[in-house]
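Notes follow the structure.
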Amino acid sequence: MTLAGALSLGGAAAAANVIGAWAVTRSAKASLRFIEVIVAFAAGFMLSLAIVGAIPEALARKPVEGAAVVLLGYLLVHLSQHTLTPHFHFGEETHSVSRVASHSALVGLLLHTFFDGVAIASGFLVDTALGVLFFVAIFLHKLPEGVTISSLAIASGESPRRAILSAAALGAATIAGVLLTSRLGFLTEYGLALSAGVTIYVGASNLVPEFQHKRTWRLPAAFFVGAGMFLALRALLGEVLA
Ligand SMILES: [Zn+2]
Ligand SMILES: [Zn+2]
């Protein structure tokens, strides 16, 4: 896969940020309910991808430091989205928040979305199958990501236009991540391990808490189907690309 190929997939993922934001500014309730199911599905898919797909490849390349860098990826997201951020959670923001909370959440999410791009590019550095699997995982959670940032912006009193612009900034960070992975030595070497840690965080600590308290069978079902679909898609890509 060429850089142009990885870039166009990064661009498609970036567009999903803006579509999620658009659903919020239009208060499209049906779309938001659909996005809730996607959140649960994406959580299962991302956890499987990180644990079964990315960590073994990262450790095969860097057996000792690789594991520490996976942990570093997890800790970095916690630092940027929670420790340094007064108020952040994934999913639609339904109560009013301060400007500071909304701006610091944007900065935290910019780091995470930068690693969305690093993950796609790092996957393709291993092989096409892992690149495609990372693309699917990232595309899936980019709709809710757009919902998160745009509803936060609106809850802090920003205009719908600013809300969409915030989502576009997240998309741009992802494209920057794709572009810089093969250019920065550290990212070329450790991007996969970092992305594995970030992916575990997003799946288990951002997405799972969004639905685990909801009393409906649809969401846990989507979670388990998401985990299974990762394994099925990986097997299918192995056949097709072999
Ligand atoms: Zn909130
Ligand atoms: Zn993301």
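In square nanometres and to one decimal, what's the mean projected area of the convex hull around the Cα atoms of region 1-83?
Values: hull surface 30.8 nm².
If I average the Cα hull's projected area over directions, I get 7.7 nm².
Order ARG99, ARG215, ARG33, most accessible first, counting only protein heavy atoms with a 1.4 angstrom probe.
On the way: ARG99 110, ARG215 215, ARG33 135 Å².
Sorted descending by solvent-accessible area, the residues read ARG215, ARG33, ARG99.
Legend: residues ILE138, ILE55, sorted from most to least accessible area (1.4 Å probe; ligands, DNA and RNA excluded), read ILE55, ILE138. Under the convention that each Lys and Arg Cβ holds +1 and each Asp and Glu Cβ holds -1, the size of the dipole of the chain around its Cα centre is about 500 debye.
Remark on the chain: Rg and Dmax equal 16.8, 52 Å (Cα only). Does anyone have the angle between helix 128-155 and the longest principal axis of the chain? Alpha-carbon axes, 0 to 90°, nearest 10? Once rounded, one gets 20 degrees.
Restricting to Cα pairs below 8 Å that are 6+ residues apart, what does the relative contact order work out to for the chain? Please round to a whole percent. Mind showing how you got there, number by number?
Details: 409 pairs, mean separation 97.5, N = 242.
Relative contact order for the chain comes out at 40 percent.
Just the Cα atoms of region 132-196, one point each, no solvent: what log10 I(q)/I(0) does Debye give at q = 0.12, 0.19, 0.25 Å⁻¹? For region 132-196, the Cα-only Debye profile gives -0.40, -0.80, -1.03. With the charge dipole of region 23-110 set up from +1 on Lys and Arg Cβ and -1 on Asp and Glu Cβ about the Cα centre, the Cα lying farthest toward the positive end among the listed residues ALA58, HIS78, ALA101 is that of ALA101.
HIS78 contributes about 80 Å² of solvent-accessible surface, heavy atoms of the protein only, 1.4 Å probe.
If you average 1/r over all unlike Cα pairs in region 86-217 and invert the result, what Kirkwood radius do you get in angstrom? Intermediate values should be presented prior to the final figure.
Working: mean 1/r = 0.0654 Å⁻¹.
Answer for region 86-217: a Kirkwood hydrodynamic radius of 15.3 Å.
For region 170-225, the gyration tensor built on C-alpha atoms gives a prolate shape. Its axis ratio a/c (a ≥ b ≥ c) is at least 1.5, and a/b is the larger of a/b and b/c.
Over every Cα atom in region 59-133, the radius of gyration and the widest Cα-Cα span, Dmax, amount to 15.6, 46 Å.
The values are calculated or read from the model by the stated rules, or taken from the named source; none is laboratory data. What you see is a predicted model, and the numbers here were worked out from it, not measured in a lab. Note that we place each Cβ from the backbone using ideal geometry, even for glycine, and neighbour counts take in every protein chain shown. The accessibility values were calculated without ligands, DNA or RNA, using every heavy atom of the protein model including side chains. Shrake-Rupley method; radii C 1.70, N 1.55, O 1.52, S 1.80 Å.
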